[in-house]
Amino acid sequence: MGSRRDFFRTCGGVGCALAAGASAGSVLLPAKAFAGSSPRVYPARFWKKLGQKRIECELCPKHCQVDDRERGFCGVRENRDGEYKTLVWGQPCAIHVDPIEKKPLFHFLPGTRAFSIATAGCNLECKCCQNWDISQSKPEDVDFRFMPPDEVVRNAKGYDACVTFTYSEPIVFLEYCIDTAMAAREAGVRTTMVTGGSGEAAPMKEALKFLDAVKVDLKGFTEDYYQRLCKGKLEPVLKTIEVIRASGVWLELVHLCVPGQNDSESEIRAMCRWVKSHLGADVPVHFSRFHPEYQMKNLPPTPNATLVRCREIGLGEGLHFVYTGNVPGLSGESTSCPKCSKVVVARRGFEVEAIHLKAGHCAFCGASIPGVWS
Amino acid sequence: MFVAAFVAGGASLLAQVVLLREILASARGNELVLGLVLALWLVLTGVASALGGRLAPERAGVWLGRLLSGAPVLLLASLWLVTGASSPIPGEESSVLRLVASSVVALLPACALSGLAFAWALSSAGGKAGAGLLYAAEMVGAASAGVVFHFVLADRISSVWIMVGGGAACAVVSVFLSCRCRLTTLAPLIAVIASAIAAPMVSRLLTAARFPGERVLALQPSRYGLLAVVGRGDQRAFFHDGELLFTTEDQLVAEERIHLPLLLHPHPRRILLVGGGLGGGLAEALKHAPEHIDYVELDPAVLSLARTFADPETRRALALPQVRAVTEDARRLLAGSLGRYDVVVINLPAPQNALVARLLSHECFVDAKQALAPGGMLAVVTPGADSHLDAPARQRHASLLATLSPVFSWVGVSPGADTIFWAAEQAVDARPFVLVRRLTERRLRLQQIGPAWLFDRLLPFHAEDYRRALATAPTMENRDFRPFVYLLGLLEELDRASPSLAHAGLFLARLRWPWWVTAFAVLVGLLLPVRRPTSRVTLAVVVAGGIGMAMQLVLLLAFQALVGHLYHAIGALLACFMAGMAAGSLAARRFLPHPHALARACAGVAAVAALVPLVIVLVRLTPGLAGAVLFAVTALMGAAVGAVYPVAVHVAGPAAASRLYAWDLGGAAVAALVVTVAAIPVLGLLPVAGFAAALAAVVAFKAA
């Protein structure tokens, strides 16, 4: 009897306390108890129905098969009643104006600016991602703004900049990229893309119709690296690179040298040989310095000597334009003529100090310097 | 038996401290990791104690001797198992699951030793009075070991040899506890010799697990943790507790962090750098041709290593007469430097503990303002983001801005991967062309920073976008007594490994006062119906254990805030608390026979806990007496908490001694996690003390 009374007394006490807390909470709970707001929903492209409200995404090699009310790996495309929707169209969460050299794009309108936008989401999960706070987030977890394509183009024009889709992974917001690139082309504004390259050929070809330059992060040159550190695959990235090259859109590659993971001489040499044989010696390759970030915060940055070595390997394998990135002052920032070896675009960090080109040719010897110079 | 408890208590404390440091270094952890691992230690020891009490053998004293003879091997085994806490991918942070699992495995041998030793000592000593004496002996042992570690061992002897030493001390005692036969005399000796032989190998394994494939140039224990210097090519990387401090060849980063603040001031003649100097910042600052630079680095061991391994420019800079490297608490330096500096640059990582948080507090900014010469400027460099600030980072930045704004008339910001705030009493001209002109006047030819960089960095668009993002973030000023920013720093860190946990933490961090009061009311509501005598005794012990841990932290942080971060004084403060516990445990024997002894003991805890906030507020008015008064209050608090356990054993009976010890540790474990990580940064020191006092009063009421 005593224990029953105690039980009811306890319940009564807890109940009163909870009721008091609920009334206090209804007045005092922060307006946004959970971070973020609900993103707008737009129709996605590049997918097919599988039946019973199940769909298969065809945007990237993951080919996620998604049930109703679920999302693909990227976290920004969702199945609603058997229709695939994008949750990030027109909703960038990162908007910046950067020097074009920061992308890095060294053979594309040097000294100009890039109006850079990105949404949440990515179809990879790189442990050393420099933009993990948006790439590994869902749209409702980030602070986004509604900026439709024409507004993006208007802003870019205001800064006399090209539009660049960057930071996270443009492939996961490809619909937005394509629509914006179309609007930019109509307005006479150039567009570029910075991508990890893990996409299917058909969507990429669609986007390439409207893009002016693409920079691809060739993160490693082994399947093991891609699986272990990126949760991705190498082969689809190589295919994407070939598709871009074949389209005629200006292409540059970046390899982020992660110490001890993807910077071995054999791997770098294999990669450079592949670039030369499959893409040609004129495709610029940047060897970029890793900085500790995301889940690899305590791995020291790439030593300068490694970048210098990689560059030497690239030049030794016959590539004409090999750069070192993220280390101003190191040799390998400026563009040299492959014929006469004179500096045709002198750079210090992201600053262009001098340009010695005439209509895309070396001002000294007249050799053609591939790129988009005006 | 009391000698055994003394030695076991000392060895246990040494093992706890060493294993905490090593797990932190392997898992590259922070205050959250510290709280989690400490809580695991307490829980595992408690479980071992409870099991030891339940399964106590007949000749517990002899078995205790056998257990202690194996101590050298058990302690070293624990250290070896810490290798599991390191991720196989170099530089990768351990996941929460990996951390917990590996910590449990690593701590098991040492915790088993500690818990079983106390339980079997209790069984052997027997009697109600014995428990209190044993408890006191263990506390004295722990206090003594703490003092020895803090003052003698921390920066001189490596972890493996501390473990061997602690194990050896246990082994010596074991000889006198076991039966006097050849085996029990030889076994401890063999164990000590075996552990001494294995120690260098264990040390190598730990290093190899932490830095796989790397060339380790230096490994050094310091007062503040474990330091390492790793070389790859010509580059040198400096680590503290597994966390990358800085590297050489990082000129780009050093330039970005130093030159913008110095260019914002027209004539930076006398400069104070707090952090960020040894990775190139000092050498960059010298390019502005100042008359004098004071550089603060708290850990003298880091400075010593830098003088050997840092890049040549930094080593040259440290040797220059106009550069003074100071190994002192930066707050004390600021407080004693009235009107001295033209520019003060605070350049620190994201705060993940109270030590860093107090250099970003309202009170610190007030000290910095007083240290500025007329026309002087404070710059705060803090990690930001190039593209997007996530929710915890946004809130941290908003808190920093909310902390700076009330102190200074002008506050500006340049957001980026390293966000730079500047604050002054007069307007600071941050127009790009002005900075470019100064760049030219000072003949600065830099690798990264030039006119284009400055114009891009200071585009109004970036600052507007940044402020717009911060406008949506809830803010709370960061104060010494409510170091809110370090909770945000921890959540930022947690966001990398577990975004859902981080978001949950952020939600809890935004809860205001009424929610905490409601939660407290619910807790009290659950406690009030407790009627069974054994439950009331257990409750008293749990709460006392929790309050003991919570008040230790409160008093430690109060000491730091009011007196300063003085390494030796803080070690003495912790020892003082434990000595107080021992004294309280002994003093409690006087009122054991009293019918309401438990209620009195709990009331004592409540009374002292209630006194603490009052004392802290009063000593702020008389800073000169703060140190002495806080020491006295700490000892008193320890005594009040220490009195509860022996009284509880007296009431419940000696058979419950081990179980109650386990509950004592359990209460401390919960407090270690909740108070360190959440309660103190969100509520502040004084309210936490108030809650503790209220809780103790409720328990005293129930115990009456």
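Quick one: in the range B:79-98, of everything that is crowded, with 24+ Cβ neighbours inside 10 Å and at pLDDT 85 or above, which residue is nearest to the other protein chains (Cβ to nearest Cβ)? Looking at residues that are crowded, with 24+ Cβ neighbours inside 10 Å and at pLDDT 85 or above, I get B:82.
One residue alone among B:511, B:506 is surrounded by 18 or more Cβ atoms within 10 Å (Cβ to Cβ), farther than 19 Å from residue B:30 by Cβ, within 26 Å of the chain's Cα centre (by Cα) and facing chain A (nearest Cβ under 9 Å), and that residue is B:511. Evaluation of residue A:290 against the conditions (1) in contact with a Phe, Trp or Tyr (Cβ under 6 Å, 6 or more places away or on another chain); (2) within 26 Å of residue A:108 (Cα to Cα); (3) of a type outside the set (Lys, Arg) shows that the sole unmet condition is (1). A single member of B:35, B:10, B:52 is part of a helix (DSSP H, G or I) and closer than 20 Å to residue B:679 by Cβ, and it is B:35.
Each row is one residue, and each column tells you yes or no for (1) within 22 Å of the chain's Cα centre (by Cα); (2) of a type in the set (S, T, N, Q).
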| position | (1), (2) |
| --- | --- |
| B:74 | no, no |
| B:85 | yes, no |
| B:89 | no, no |
| B:115 | no, no |
| B:159 | yes, yes |
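Pairing each residue of the range A:231-258 that is of a type in the set (S, T, N, Q) with any residue that is part of a helix (DSSP H, G or I), provided the two are 6+ apart or on different chains, yields C-beta distances under 8 Å for A:240/A:201; A:240/A:204; A:247/A:205; A:247/A:208.
Residue check: is residue A:157 touching a Leu at 6+ places or on another chain (Cβ under 9 Å) and surrounded by fewer than 24 Cβ atoms within 10 Å (Cβ to Cβ)? No: the conditions fail for residue A:157. When residue B:366 is tested against (1) more than 14 Å from chain A (Cβ to nearest Cβ); (2) buried (at least 20 other Cβ atoms within 10 Å of the Cβ), only condition (2) is not met. Taking the criterion of being in a helix (DSSP H, G or I) and crowded, with 18+ Cβ neighbours inside 10 Å, the residues of the range B:314-334 that qualify are B:314, B:317, B:318, B:330, B:331, B:333, B:334.
Working carefully through the options A:239, A:205, A:219, find the one that is outside the structural domain of residue A:361 (by TED's automatic domain parsing) and not in a helix (DSSP H, G or I).
Working: A:239 fails: not in a helix (DSSP H, G or I); A:205 fails: not in a helix (DSSP H, G or I).
Result: A:219 is the single residue among A:239, A:205, A:219 that is outside the structural domain of residue A:361 (by TED's automatic domain parsing) and not in a helix (DSSP H, G or I).
Inclusion of residue B:47 among residues that are farther than 20 Å from residue B:642 by Cβ, modelled with pLDDT of 90 or more and either in contact with a helix residue (DSSP H, G or I) (Cβ under 9 Å, 6 or more places away or on another chain) or assigned to a helix (DSSP H, G or I) (or both) is warranted.
Checking each residue in the range B:248-262 for being without any contact (Cβ under 8 Å) to a residue 40 or more places away in the chain and crowded, with 24+ Cβ neighbours inside 10 Å picks out only B:254.
Of the residues making up the range B:433-477, those that are more than 10 Å from every other protein chain (Cβ to nearest Cβ) and charged (D, E, K, R) are B:437, B:438, B:441, B:442, B:443, B:457, B:464, B:467, B:477.
For the range B:203-237, filtering for residues that are at pLDDT below 90 and either on the phi > 0 side of the Ramachandran plot or of a type in the set (Val, Ile, Thr) (or both) leaves 4. Among the residues of the range B:636-649, just one is more than 24 Å from residue B:41 (Cα to Cα) and touching a Gly at 6+ places or on another chain (Cβ under 7 Å), namely B:636.
Scanning the range A:297-316 for residues being within 7 Å of another protein chain (Cβ to nearest Cβ), among the hydrophobic types (A, V, I, L, M, F, W, C) and more than 17 Å from residue B:252 (Cα to Cα) gives a total of 1.
If you go through the range B:356-367 one residue at a time, do you hit one that is closer than 23 Å to residue B:32 by Cβ, in contact with a Leu (Cβ under 8 Å, 6 or more places away or on another chain), assigned to a helix (DSSP H, G or I) and β-branched (Val, Ile, Thr)? Yes, the range B:356-367 contains at least one residue that is closer than 23 Å to residue B:32 by Cβ, in contact with a Leu (Cβ under 8 Å, 6 or more places away or on another chain), assigned to a helix (DSSP H, G or I) and β-branched (Val, Ile, Thr). Cβ-Cβ distances below 7 Å connect the following pairs, each with a first residue in the range B:216-237 that is under 11 Å from residue B:299 (Cα atoms) and more than 13 Å from chain A (Cβ to nearest Cβ), a second residue that is among the aromatic types (Phe, Trp, Tyr) and part of a strand (DSSP E or B), and a separation of six or more residues or different chains: B:227/B:239. Counting the residues of the range A:275-296 that are facing chain B (nearest Cβ under 8 Å) and surrounded by fewer than 19 Cβ atoms within 10 Å (Cβ to Cβ) gives 1. Residues in the range B:409-435 that are under 24 Å from residue B:487 (Cβ atoms) and hydrophobic (A, V, I, L, M, F, W, C): B:411, B:413, B:417, B:420, B:421, B:423. If you check residue A:260 against the conditions, is it on the phi > 0 side of the Ramachandran plot and part of a loop (DSSP other than H, G, I, E, B)? Taking the combined requirement at face value, the residue satisfies it.
When only residues in the range B:119-138 that are closer than 15 Å to residue B:648 by Cβ and crowded, with 21+ Cβ neighbours inside 10 Å count, which is modelled with the lowest pLDDT? Ranking the candidates gives B:130 first.
Residues in the range B:380-397 that are out of contact with any strand residue (DSSP E or B) (no Cβ under 6 Å at 6 or more places or on another chain) and within 12 Å of another protein chain (Cβ to nearest Cβ): B:383, B:385, B:386, B:389, B:390, B:391, B:392, B:393, B:394, B:395. Determine, yes or no, whether residue A:210 is touching a helix residue (DSSP H, G or I) at 6+ places or on another chain (Cβ under 6 Å), part of a loop (DSSP other than H, G, I, E, B), away from chain B (no Cβ under 14 Å) and in contact (Cβ under 8 Å) with a residue 24 or more places away in the chain. Judged against the criteria, residue A:210 is a match.
If only residues of the range A:262-274 that are within 30 Å of residue B:497 (Cβ to Cβ) and either touching a helix residue (DSSP H, G or I) at 6+ places or on another chain (Cβ under 6 Å) or not small (Gly, Ala, Ser) (or both) are counted, the one that is nearest to the other protein chains (Cβ to nearest Cβ) is A:263. It is to be established whether one or more residues within the range B:335-349 are over 22 Å from residue B:223 (Cβ atoms), assigned to a helix (DSSP H, G or I) and at pLDDT 95 or above. No, the range B:335-349 has no match at all. Checked against the criterion of being surrounded by fewer than 24 Cβ atoms within 10 Å (Cβ to Cβ), under 21 Å from residue B:44 (Cα atoms), of a type outside the set (A, V, I, L, M, F, W, C) and in contact with a helix residue (DSSP H, G or I) (Cβ under 6 Å, 6 or more places away or on another chain), the range B:650-671 has at least one qualifying residue.
The values are calculated or read from the model by the stated rules, or taken from the named source; none is laboratory data. Just so you know, these numbers come straight off a predicted model, no measurement behind them. For neighbour counting, all protein chains shown are included, and Cβ atoms are generated from backbone atoms with ideal geometry for every residue, glycine included.
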